[in-house]
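Worksheet: the structure to be examined is printed underneath.
The values are calculated or read from the model by the stated rules, or taken from the named source; none is laboratory data. As the structure is a computational prediction, the values presented were derived from the model and not from experiment. Please note: Cβ atoms are built from the backbone with ideal geometry, for glycine as well, and neighbour counts cover all protein chains shown. All accessible areas refer to the heavy atoms of the entire protein, side chains included, with ligands and DNA or RNA removed. Shrake-Rupley method; radii C 1.70, N 1.55, O 1.52, S 1.80 Å.
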Amino acid sequence: MSPIVELNVGGEMYTTTLSTLKKHPGSKLAEMFTGQPKLRTDSEGRFFIDRPGTYFKYILEYLRSNQVPTQCIQDVYKEALFYDIEPLIKQLEDSPQIFGELVARKQFLARVPSYSENIELMIHIARAEAVASRRSSVIVCVVRTEEDAARCQDALSSLDMDKKSVVKFGPWKAAPGISDLLDCIQMDVEAKGYKIAFQPHVTEKGFRFKSHDFFYKFLFTWW
C-alpha cells in the first residue's frame, strides 16, 4: 500500500498516512489497513468507511497528536468504541461528560428495576392514547423504598384509573432521590425524540395519601 491513504468516511474526505491509521495495532482501525485492506473503495479509489465522517476528524487528530477532543464528546466516544482505540476510549471515559453518564447516572439506573422496559412501556401507552389528540398523558408511580411500594399499592386501589396504564418505577437502593429519577425519565424519553413534561398527579380531595408522594403525570406533546 501507498504510505499516503485517501479515505471517504461517510462522505467526508480525509488524507493521512498509513502509519497514523495503524498507530494502535490492536485497534479495529489498524486491522482495516493491515495486510490486504478489508475495505471497499469509492468511485475515486478512496477507501470507504461507512461511519459518520464529521467525527472522524477528532479520531484522526488524536492519532496524529494524542490530542483528546473537547467537543462532541458523546459522539466521538461512540466512534472511538467502534474503531476500538483503547487509549482514546479510556481518556474519554475520564471526561466529566462520559464519567457522569457511565459511572454516575447509568450505575444509578442499573439499580432501578426494569427501568429501560418501563421507559418503553410509557412510550407505548402514550402512543396508544395519541389518536386524534395533540397531547397524551401517562401516569407514573415512583417509589424509592419497599415501604413506599406497599403504600403505593394501597393508593392504586383507591385511584379512579386503569391500573394497567400506571407505570411503576422502583424501589431502588442508591443515593439519588425521586426528583433525580424523574429527571432521568424525562432525559431518556426526550433522547428518543419525544417532547414531554411532568408534574405531580393530583387526585380528588379526601384521598388517604398525598398522591404527589407517588404519582406523576408525564405529558407527551405530539404537535
For region 4-94, what relative contact order do you get, as a whole percent, if you take Cα pairs closer than 8 Å and at least 6 residues apart?
29
For the pairs K192/K217; K22/K78; K106/K173; K23/K57; K90/K195, note any where the Cα-Cα span goes beyond 23 Å.
K90/K195
Between Q107 and V131, with labels modelled 7 Å along Cα→Cβ, what's the label distance in nm to one decimal, could you check?
4.6
Note the full-extension length gain between T15 and S116 as 0.36 nm times their separation in residues minus their Cα-Cα distance, in nm to one decimal.
32.2 nm
Which net charge results for the neighbourhood of I98, defined as the other residues with beta-carbon distances under 15 angstrom from its beta-carbon, given Lys and Arg at +1 and Asp and Glu at -1?
-2
Net lengthening on full extension, V202/M187 (0.36 nm per residue, minus Cα-Cα):
3.1 nm
Taking all protein chains in place and a 1.4 Å probe, what share, in percent, of the accessible surface of region 20-118 do carbon and sulfur account for?
49
In deg cm²/dmol, rounded to 500, what helix-only [θ] at 222 nm does the chain give when every DSSP H run of at least 4 residues adds -39500 (n - 2.57) and the total is split over its residues?
-10500 deg cm²/dmol
Can you compute the modelled spin-label distance between D50 and K78, with each label point 7 Å from Cα toward Cβ, in nm?
1.6
Arranged from highest to lowest average of other beta-carbon atoms within 10 Å per residue, in what order do the peptides 54-65, 10-21, 124-135 appear?
54-65, 10-21, 124-135
Under the Karplus curve 6.51 cos²θ - 1.76 cosθ + 1.60, θ = phi - 60°, whole-Hz ³J(HN,Hα) for region 24-39, x wherever Gly or Pro sits:
10, x, x, 7, 5, 5, 5, 5, 4, 10, 9, x, 6, x, 9, 10
